[in-house]
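Okay, structure first, notes after.
Readers should treat all values here as calculations from the given coordinates under stated rules, not as data from a laboratory. Remember, predicted model here, so these are calculated numbers, not experimental data. Reconstructed Cβ throughout: ideal geometry from the backbone, glycine too, with neighbour counts over all protein chains shown.
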Amino acid sequence: MYICMCFGITDSAIRHAVEEKGVGNLRELREHLNVGSQCGKCIQMAQQIIDSTIIDESLFKEVC
Ligand code: FES
């Protein structure tokens, strides 16, 4: 699903940036993918994806 229409960024691209590149907040995501740096409509959705990916990662670490 596309999250940022201005730059064609999908939810999986955001998850990948969090998991593989250590992105932990919107500022870091913007540095990597430009998300939210044009119209800004995607910011809230992008933040939710960052948060949920971090929560999923921490749950996974507890199991291991
Ligand atoms: S939709 Fe992301 S900056 Fe416009």
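Backbone amide hydrogens, once placed in the peptide plane, bring I9 within less than 5 Å of I3, C4, excluding anything fewer than 5 places away on its chain.
From the square roots a ≥ b ≥ c of the eigenvalues of the alpha-carbon gyration tensor of the chain, which class results: rounded (a/c under 1.5), prolate (a/b over b/c), or oblate?
Values: a/c = 2.34, a/b = 2.11, b/c = 1.11.
Prolate.
Working from label points 7 Å from Cα in the Cα-to-Cβ sense, the S37 to M5 distance is 2.1 nm. Placing dummy labels 7 Å off each Cα toward the beta-carbon, the span from R30 to Q48 is 2.1 nm. Per-residue ellipticity at 222 nm from helix content only, as computed over the chain with -39500 (n - 2.57) for each DSSP H run of at least four residues, stands at -20000 deg cm²/dmol.
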